[in-house]
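For reference, the structure is listed below as structure tokens.
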Amino acid sequence: MTTDFLFPKIADCSYVSCYCEENVWKLCEQVKRTRPEELGTCYAVFVSNEGRTVPLWRQKAGRGDDQVVIWDYHVFFMHNPSPNRCLVFDLDTTLPFPTYFHKYVTETFRSDLALRPEHHRFFRVIPADTYLIEFSSDRRHMRRPDGSWIKPPPSYPPILSNTNMHCLGDFICMSAGKGPGAVYSLSEFVHNFYKSPNMVAQHNK
């Protein structure tokens, strides 16, 4: 893969297990700081559904040969500088970092056709600059009723917007018209962000 990567090494990225929404916020922050001219082509992508049961393959937390896991939601970073060059940066995948969009979607989400409707995946795609401004989480979703942590939190303070309100649920929600960005089904997501080489060639004629 010969391209100009926004993040040359995965080891250089901020990462805490089970805090994917914050890991992606930190990637957006890094682009704003080091490559601000690219921020307008970057996105935070939430994956979930109404029942918050979404199967993903090729995940580090997955089991079996296919490394499949069912998350309540997942978040990854996407860089879409031009047609046929969309890249996915997922800090939790076993695929390369980054991976081209088509390969990532094919191996991570496969198809909804073989899944029950309650497991179909939906995608909330949020421009990186919007995500940096509007995302806010006090990490309450990672605490048990007694206040202890389900998983240890990042060492830095919680990411809070100007309102200081916990709004993670608005990002996980897959109801169109609610929350930032745009919501797509799997097929709509692919249609909007994948352009095959043949399609690009025809467009450039």
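Every number in this text was worked out from the coordinates using simple rules, so none of it is lab data. Please read these numbers as outputs of a predicted model, since none were measured by experiment. Ideal geometry is used to build each Cβ from the backbone, glycine not excepted, and the neighbour counts take in all protein chains shown.
Between the labelled values [x] 58; [y] 45; [z] 51, the entry that holds percent of Cα pairs over 23 Å apart as derived from this structure is [y]. Near Thr93: Cβ cut-off under 10 Å, other residues only, Lys/Arg at +1 and Asp/Glu at -1. The net charge is -1. Annotation note: GluC sites (Glu not before Pro) in the range 94-172 located in DSSP loop regions with a Cβ neighbour count of at most 16 within 10 Å are absent.
Other residues within the sphere of radius under 14 Å centred on the Cβ of Thr163, judged by their own Cβ, net out at -3 (K and R +1, D and E -1).
Pairs of lysine residues in the range 14-189 that meet both criteria, 8 or more places apart or on different chains and Cα atoms under 25 Å apart, total 6. Think of the range 14-189 as having a plus end and a minus end, set by charges on the Cβ of Lys, Arg, Asp and Glu; of Phe101, Tyr43, Tyr15, Tyr15 sits farthest toward the positive end of this dipole.
Among residues other than Glu29 with Cβ under 12 Å from its Cβ, the summed charge is +2 (Lys and Arg +1, Asp and Glu -1). Highest mean packing first, where packing is the average number of other Cβ atoms within 10 Å per residue, the peptides 63-73, 170-180 line up as 170-180, 63-73.
As a calculated quantity, the FRET efficiency between Thr94 and Asn162 at R0 = 30 Å, using C-beta atoms, amounts to about 0.20. Under the convention that each Lys and Arg Cβ holds +1 and each Asp and Glu Cβ holds -1, the size of the dipole of the range 1-133 around its Cα centre is about 120 debye.
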